[in-house]
1. Look through the stretch 122-139, keep the residues that are among the aliphatic types (A, V, I, L, M) and crowded, with 16+ Cβ neighbours inside 10 Å, and return whichever of them is nearest to residue 64 (Cα to Cα).
2. Would you confirm whether or not the stretch 51-64 contains a residue that is modelled with pLDDT under 90, farther than 30 Å from residue 126 by Cα and surrounded by fewer than 16 Cβ atoms within 10 Å (Cβ to Cβ)?
3. What's the total number of residues in the stretch 98-121 that are in a helix (DSSP H, G or I) and surrounded by 15 or more Cβ atoms within 10 Å (Cβ to Cβ)?
4. Within the stretch 93-116, does at least one residue satisfy the condition of being closer than 22 Å to residue 133 by Cα, in contact with a helix residue (DSSP H, G or I) (Cβ under 7 Å, 6 or more places away or on another chain), modelled with pLDDT of 90 or more and of a type in the set (D, E, K, R)?
Amino acid sequence: MKIDKIEIIWEGICKALNYFQDNWLALAAFVLSFITLAVTWRKNFKDRQYNNDKELVEQLKLSLELAFKSLSSDGNGPPTNIRLRWLTAARHIARFRELQLSIKTKLYKTICEEHEEYWRDKIYNLLAHIENSNFFRSINPDEMEEETIDIRSAAVVYSFSVWKEGRSDPLDNMSLEEIIVKYKLYSPLYRHFWDYVKKEKPTLADKVKGASS
C-alpha cells in the first residue's frame, strides 16, 4: 500500500517536472509566487512579533512601576515597611521576570532592558534609605500587631536592585577619546569638563588637542 502511494507521488512529481520543462514561463511564475508567499509570510510573522512585543513591553513597564509604587511611601523618602506592600512589590517583580522571557525581538528586548535599568536604579536608591535591620519590623496598621517583612519578598526586591551579572554595559562600547573628539568636548563651551579631563587624563588631553589642532 505504501509503495503504491510512493509511486503515485513520484508520478505526480515527474509530470510536474515534464510540464515545467516545456513551460519555462509557468515555472518562473511558480517560483516567483512561492518566493512572494514566503516573503509575505515572514513579514506578517515579524509584524506579529513586533506588535506582541510592543504590548508586552508596556505591561512589563507597568509591572515595574507598580513594584516601585508598592515600596515607595511618598516618592522621595525611605520605602514603606508594611509587609503586604513588600509582598506585592515582589510579586510584580516576579511577574516581570517571567513575562520578560516571552520577548522575541531584539529591538524590544533592548527597550525592556532600558525600562528595567531605569526602575532598578529607582528601587536601588529607595532601598539605600534603609538604615538598619530594625526597618524590617513594623506594626500592622489594620491589626495593630507587630509583624516582619517576609524575607523571600525582601530578597526578590533586593535582587532586582542589583546589576544583572553578565549583562554588557553599554558604556563599555564607547571610547572616551572618541566621545570627546566626536562631540568636541574640548571646546570652550565645555571648559569645566575639559579642565577635569586635563587633570585626570593629561596624556589623553594632549593627544586629543594634538589631533584636533
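1. Initial filter on the stretch 122-139 (among the aliphatic types (A, V, I, L, M)): 123, 126-128, 130, 139.
Checking the rest, the ones that are also crowded, with 16+ Cβ neighbours inside 10 Å come to 123, 126-127.
Working: 123: 10, 126: 14, 127: 15 Å.
Across the stretch 122-139, the extreme among qualifying residues is 123.
2. Initially, the stretch 51-64 is screened for residues modelled with pLDDT under 90, giving 51.
Then drop every residue that is not farther than 30 Å from residue 126 by Cα, which leaves 51.
Narrowing further to those that are surrounded by fewer than 16 Cβ atoms within 10 Å (Cβ to Cβ): 51.
Within the stretch 51-64 (the criterion being modelled with pLDDT under 90, farther than 30 Å from residue 126 by Cα and surrounded by fewer than 16 Cβ atoms within 10 Å (Cβ to Cβ)), the answer is yes, since at least one residue qualifies.
3. First pass over the stretch 98-121, keeping only residues in a helix (DSSP H, G or I): 98-100, 106-121.
So of that shortlist, the ones also surrounded by 15 or more Cβ atoms within 10 Å (Cβ to Cβ) come out as 99-100, 108, 111-113, 115-116, 119-120.
Counting residues in the stretch 98-121 that are in a helix (DSSP H, G or I) and surrounded by 15 or more Cβ atoms within 10 Å (Cβ to Cβ) gives 10.
4. At the first step, the residues of the stretch 93-116 found to be closer than 22 Å to residue 133 by Cα are none.
Among the residues of the stretch 93-116, not one is closer than 22 Å to residue 133 by Cα, in contact with a helix residue (DSSP H, G or I) (Cβ under 7 Å, 6 or more places away or on another chain), modelled with pLDDT of 90 or more and of a type in the set (D, E, K, R), which makes the answer no.
A quick yes/no check of all residues on (1) of a type in the set (S, T, N, Q); (2) touching a Pro at 6+ places or on another chain (Cβ under 8 Å); (3) more than 30 Å from residue 82 (Cβ to Cβ); (4) at pLDDT 90 or above:
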position	(1), (2), (3), (4)
123	no, no, no, yes
127	no, yes, no, yes
138	yes, no, no, no
146	no, no, no, no
158	no, no, no, yes
168	yes, no, yes, no
181	no, no, yes, no
184	no, no, yes, no
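The values are calculated or read from the model by the stated rules, or taken from the named source; none is laboratory data. A quick note: this is a predicted structure, and the numbers were derived from the prediction, not measured. FYI the Cβ positions are ideal-geometry reconstructions off the backbone, even for glycines, and counts take in every protein chain you see.
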